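In what follows, a structure is listed as C-alpha cells, so that the remarks can point back to it.
The values are calculated or read from the model by the stated rules, or taken from the named source; none is laboratory data. Quantities reported herein were computed from a predicted structural model and do not represent experimental measurements. So basically every Cβ, Gly included, is an ideal-geometry build from the backbone, and we count neighbours across all protein chains shown.
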Amino acid sequence: MRDYPLDIRGLILRDIYPNSEYRWIAPFLLQDEIDIRSHVACENLARKYEILIEVDSLGNGRIIPRAAGIAARQGRIVLASLFMTAHLYGHHLEPELEARALSLLNDEKRKVRRLLNRNREWPQDVWNLQDTPAWIIPSFIHRFRSLVNSRAVSIISGGHLLAEGNWEWKFECKSHIPSQITAYKVPASA
C-alpha cells in the first residue's frame, strides 16, 4: 500500500495508477518531489500533470488547474478530479462547475489576504495561524514572500483533516518550501 499526499500530487498518482492500493496522508507529512516524467511516457500528458503541480498554491495561472489543487488540498477529491480531468483532456466545464472553480480561487485569495495581518506576527518572524487549517499554508507562504519579506520565518498552523493538532512550519530565507514541519508544542511558561 502506498501513501498518497492529500493534494494534487496524490490525485495525480491516483490517476496514473488507478489500480494501486493507497491511503491518503496529510500532504506536509510527505515532502517528496514527484518526477512525472518517470511515471508517464506521453510528453503532452506529462506536461499537463506538471502544470497542475506548478500552479498549485502559486496564486496565478489558469483557473481550472489552480482550482484542482485547492480542492485536493481541502480534501474535496471528487471536485478536484473533475477539474483535473477537464484540464488534462481539454473538456469544457459546465457554467456551474466553472463558477465553483472561481469561487474556490476567490475564497482562498480572501483567506490569505486576511492572514497577512501584522498582528499575527509574534514574536518577530513567527506567524501565529493556529486558527487556520494547514491546507492554506502553501498559498500563504507564496503570497507572504511576494508582499511581506524574504527572511526566514516560522508559521504555526492549525491541523489538517488527516493530522490533528497544531503544526510548526519553518521556512529558510527566500524559500516557499518548508525546511521542517513538526507538531507544535506550546512553550513552557517561564
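So here's what we get for this one:
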quantity	calculated
Extreme residue, surrounded by the fewest Cβ atoms within 10 Å (Cβ to Cβ), among residues of region 164-180 that are within 22 Å of VAL55 (Cβ to Cβ) and more than 14 Å from the chain's Cα centre (by Cα)	LYS174
Residue selected from region 6-19 under the condition more than 11 Å from ASP56 (Cβ to Cβ) and not charged (D, E, K, R), by the criterion surrounded by the most Cβ atoms within 10 Å (Cβ to Cβ)	LEU6
Scan of region 131-163 for residues that are crowded, with 20+ Cβ neighbours inside 10 Å and part of a loop (DSSP other than H, G, I, E, B), ordered by number	THR132
Helices (runs of 4 or more DSSP H) enclosed by region 58-128 - at least 1 residues per element that are over 21 Å from ALA46 (Cβ atoms) and basic (Lys, Arg)	63-73, 95-115
So ARG62, is it surrounded by fewer than 17 Cβ atoms within 10 Å (Cβ to Cβ), outside the structural domain of HIS176 (by TED's automatic domain parsing) and of a type in the set (Lys, Arg)	yes
Residue match in region 84-92 (condition: without any contact (Cβ under 8 Å) to a residue 24 or more places away in the chain, of a type in the set (Val, Ile, Thr) and exposed (fewer than 13 other Cβ atoms within 10 Å of the Cβ))	no
Selection count where residues are closer than 17 Å to PRO133 by Cα, touching a residue at least 24 places away in the same chain (Cβ under 8 Å) and out of contact with any Lys or Arg (no Cβ under 9 Å at 6 or more places or on another chain), scope region 42-83	4
Residue under evaluation PHE144, criteria (1) in contact with a Gly (Cβ under 7 Å, 6 or more places away or on another chain); (2) of a type outside the set (Ser, Thr, Tyr); (3) closer than 23 Å to ILE53 by Cα, criterion not met	(1)
Candidates TYR49, TYR22, filtered to the one that is over 14 Å from the mean Cα position of the chain (by Cα), surrounded by 20 or more Cβ atoms within 10 Å (Cβ to Cβ) and at negative phi	TYR49
Among residues of region 16-40, those that are at pLDDT 95 or above, touching a helix residue (DSSP H, G or I) at 6+ places or on another chain (Cβ under 7 Å) and among the charged types (D, E, K, R), counted	0
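Okay, residues lined up against (1) out of contact with any strand residue (DSSP E or B) (no Cβ under 7 Å at 6 or more places or on another chain); (2) modelled with pLDDT under 95; (3) assigned by TED's automatic domain parsing to the domain that holds VAL55:
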position	(1), (2), (3)
LEU82	yes, no, yes
ALA86	yes, no, yes
HIS91	yes, yes, yes
GLU94	yes, yes, yes
VAL126	no, no, no
HIS142	yes, no, no
ILE155	no, no, no
PHE171	no, no, no
